[in-house]
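K.L.:
Following this message is one structure expressed as structure tokens.
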Amino acid sequence: ILISADKLLVSSFDYLENSDAAKILAQTKSKWEELPFGVDILRFFPASPSADLLKQLNLQTNLPTVLFVGGMDSAHYFKGVPVLLQALFLLKRNKTPVQVVLIGEGELRSVFIERARVMGLTDLTHFVGKASDEELPKYYNLADLLVLPSTSRNEAFGMVLLEAFASGVPVIASDLPGVRTVAQAGGILVPPRRSQALAEAIQGYFSDNDLTATLPQKVRQLAEEVYAWPKIVEKLDEIYQQLV
């Protein structure tokens with residue numbers, strides 16, 4: 001984002017340094033400021049799961065709940081739903097199943113539902129479709145973990161990571177430029193397109209009592225101290241003041 005002739009903003013230096021604009025950044029580094037996206041911590045916050053939503057989705061109380069939020073059309077194929085489904089299959093085969101709530105819509109949603117059926121995952125996958133602005137925070141409150149299994153640099157930041165943090169939900173995300181800058185402070189990174197690694201990370205998180213006990217509080221604190229919109233606006237104001 002250009003805010004003056006001498007100052008440009010970017011959400012992640014990591015992403016820019018690994019993009020086609022890396023040479024431009026190297027030549028004009030003094031002009032750039034990193035300013036991440038923010039999250040509404042009053043809209044997204046830790047809360048008990050909705051009893052009505054638990055009943056509506058028929059979630060199993062004895063299984064951990066993983067959340068996926070992303071588009072399910074061809075343009076968003078990079079969100080990695082097939083990678084997630086394969087990881088779920090591996091977990092079920094290893095007798096450590098988890099259940100997943102998938103938020104999102106698009107022409108591939110029916111394809112993913114059929115793939116889950118063929119893989120024997122119908123009882124573990126809950127394809128919700130689109131969630132309204134009012135409903136979305138309630139879905140985060142159902143989750144023990146958010147997974148962002150993106151497969152390419154088309155995923156540049158991952159706003160869902162911030163929504164999860166604010167909701168007190170740790171994350172597992174692909175080790176991609178930009179995404180890792182956010183995710184590594186509040187969860188686990190895995191190589192992109194590696195279902196086995198994703199399955200191992202999910203299983204590892206839920207088997208680590210220290211992580212499951214402490215990380216939810218840590219990610220909420222991270223949202224409050226780093227990514228809350230008032231913090232972002234404060235930093236933006238500081239940048240503008242330097243230009244005055």
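K.L.:
Restricting to region 22-34, what's the tally of residues that are in contact with a Ser or Thr (Cβ under 9 Å, 6 or more places away or on another chain), within 22 Å of V226 (Cβ to Cβ) and crowded, with 16+ Cβ neighbours inside 10 Å?
P.N.:
Going through region 22-34 one residue at a time, the tally reaches 0.
Rundown of residues vs (1) more than 17 Å from L35 (Cβ to Cβ); (2) β-branched (V, I, T); (3) in contact with a strand residue (DSSP E or B) (Cβ under 7 Å, 6 or more places away or on another chain), yes/no style:
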{"site": "T181", "(1), (2), (3)": "no, yes, no"}
{"site": "L189", "(1), (2), (3)": "yes, no, yes"}
{"site": "E200", "(1), (2), (3)": "yes, no, no"}
{"site": "Y205", "(1), (2), (3)": "yes, no, yes"}
{"site": "V226", "(1), (2), (3)": "no, yes, no"}
{"site": "I232", "(1), (2), (3)": "no, yes, no"}
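K.L.:
Is region 94-102 home to any residue that is polar (S, T, N, Q), in contact (Cβ under 8 Å) with a residue 40 or more places away in the chain, more than 24 Å from A223 (Cβ to Cβ) and part of a loop (DSSP other than H, G, I, E, B)? Give the steps one after another, and end with the answer.
P.N.:
In the first step, residues of region 94-102 are kept if they are polar (S, T, N, Q); the result is 94, 96, 99.
Narrowing the set further to residues that are in contact (Cβ under 8 Å) with a residue 40 or more places away in the chain leaves 94, 96, 99.
Now restrict to residues that are more than 24 Å from A223 (Cβ to Cβ): 94, 96, 99.
The next check asks that each one be part of a loop (DSSP other than H, G, I, E, B); those that pass are 94, 96.
So far as region 94-102 goes, yes, one or more of its residues are polar (S, T, N, Q), in contact (Cβ under 8 Å) with a residue 40 or more places away in the chain, more than 24 Å from A223 (Cβ to Cβ) and part of a loop (DSSP other than H, G, I, E, B).
K.L.:
Now for a separate question. Identify the residue in region 219-231 that is farther than 25 Å from G80 by Cβ and within 19 Å of the chain's Cα centre (by Cα) and, among all such residues, is surrounded by the fewest Cβ atoms within 10 Å (Cβ to Cβ).
P.N.:
Within region 219-231, the first condition is being farther than 25 Å from G80 by Cβ, and the residues that meet it are 220-221, 224-226, 228-231.
Now narrow it down to the ones that are within 19 Å of the chain's Cα centre (by Cα): 220-221, 224-226, 228-229.
Working: R220: 21, Q221: 13, E224: 16, E225: 9, V226: 18, A228: 20, W229: 14.
So the residue we want is E225.
K.L.:
Still on this structure: For region 173-208, name all the residues that are surrounded by 23 or more Cβ atoms within 10 Å (Cβ to Cβ) and either among the aromatic types (F, W, Y) or not in a loop (DSSP other than H, G, I, E, B) (or both).
P.N.:
Within region 173-208, A173, S174, V179, V182, A183, G187, I188, V190, L198, A199, I202 qualify.
K.L.:
What are the pairs with Cβ atoms under 9 angstrom where one residue, in region 43-59, is open to solvent by less than 60 Å² (accessible area, probe 1.4 Å) and the other, located anywhere, is among the basic types (K, R) and not in a loop (DSSP other than H, G, I, E, B)? Sequence gap at least six, or different chains.
P.N.:
A47/K138; S50/K138; L53/K138
K.L.:
What single numbered condition from (1) among the charged types (D, E, K, R); (2) touching a Ser or Thr at 6+ places or on another chain (Cβ under 6 Å); (3) under 14 Å from I41 (Cα atoms) fails to hold for E224?
P.N.:
(2)
K.L.:
Let me ask something additional. Is it the case that L90 is touching a residue at least 40 places away in the same chain (Cβ under 8 Å), within 20 Å of P191 (Cα to Cα) and surrounded by 15 or more Cβ atoms within 10 Å (Cβ to Cβ)?
P.N.:
yes
K.L.:
Just the residues that are surrounded by 17 or more Cβ atoms within 10 Å (Cβ to Cβ), in a loop (DSSP other than H, G, I, E, B) and either in contact (Cβ under 8 Å) with a residue 40 or more places away in the chain or under 19 Å from the mean Cα position of the chain (by Cα) (or both), please, taken from region 106-135.
P.N.:
Answer for region 106-135, where residues must be surrounded by 17 or more Cβ atoms within 10 Å (Cβ to Cβ), in a loop (DSSP other than H, G, I, E, B) and either in contact (Cβ under 8 Å) with a residue 40 or more places away in the chain or under 19 Å from the mean Cα position of the chain (by Cα) (or both): G106, L124, A131.
The values are calculated or read from the model by the stated rules, or taken from the named source; none is laboratory data. All values reported here derive from a predicted model rather than from experimental measurement. When we count neighbours, we look across all protein chains shown, and the Cβ atoms used for this are built from the backbone with ideal geometry, even at glycine. All accessible areas refer to the heavy atoms of the entire protein, side chains included, with ligands and DNA or RNA removed. Shrake-Rupley method; radii C 1.70, N 1.55, O 1.52, S 1.80 Å.
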